[in-house]
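The values are calculated or read from the model by the stated rules, or taken from the named source; none is laboratory data. Note that this is a predicted model, so its numbers are computed, not measured. Neighbour counts run over all protein chains shown; Cβ positions are idealised from the backbone, glycine included. Please note that ligands, DNA and RNA were not included when accessible areas were found on the heavy atoms of the full protein model with its side chains. Shrake-Rupley method; radii C 1.70, N 1.55, O 1.52, S 1.80 Å.
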Amino acid sequence: MERDFDAALDALRQGDVPATASHVCALLSLEMDDLRRAALLSLMVRLVGKRKFDPIASYILQNQQVLANRS
């Protein structure tokens with residue numbers, strides 16, 4: 001999980017929205033309960049900032065089918 005989280009942050013720093021979205025989806029698809037999943041998502045948003053995370057969230061919502069097939 002730590003490596004996936006670091007990879008997501010690295011992709012975000014590089015401005016690679018599709019790669020970041022893919023890593024975020026991979027993290028959120030890990031086997032955990034909804035409360036832990038929500039906490040992880042909240043942590044990611046707080047670490048990177050809402051303004052930087054908004055494009056990632058939009059990309060995920062627009063490309064749900066594509067990202068679901070990758071996981």
Legend entry - Tabulated pairs, the range 1-25, first without any contact (Cβ under 8 Å) to a residue 24 or more places away in the chain and under 13 Å from VAL48 (Cβ atoms), second assigned to a helix (DSSP H, G or I) and not aliphatic (A, V, I, L, M), C-beta under 7 angstrom, 6+ apart or interchain: ALA11/THR20; ALA11/HIS23; HIS23/ASP4
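Just to be sure before I move on: is MET44 free of Cβ contacts under 8 Å to residues at least 12 places away in the same chain and touching a helix residue (DSSP H, G or I) at 6+ places or on another chain (Cβ under 8 Å) in the structure I sent?
Values: free of Cβ contacts under 8 Å to residues at least 12 places away in the same chain: no; touching a helix residue (DSSP H, G or I) at 6+ places or on another chain (Cβ under 8 Å): yes.
Judged against the criteria, MET44 is not a match.
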Legend entry - Residue within the range 17-35 that is out of contact with any helix residue (DSSP H, G or I) (no Cβ under 9 Å at 6 or more places or on another chain) and assigned to a helix (DSSP H, G or I) present: yes
Inset, instruction - May I ask you to say which residue of ALA11, ALA7 is more than 21 Å from GLN65 (Cβ to Cβ), assigned to a helix (DSSP H, G or I), at pLDDT 90 or above and open to solvent by less than 70 Å² (accessible area, probe 1.4 Å)? - result: ALA7
Inset, instruction - Name the residue, out of PRO55, PRO18, that is open to solvent by 60 Å² or more (accessible area, probe 1.4 Å) and either modelled with pLDDT under 90 or not aromatic (Phe, Trp, Tyr) (or both). - result: PRO55
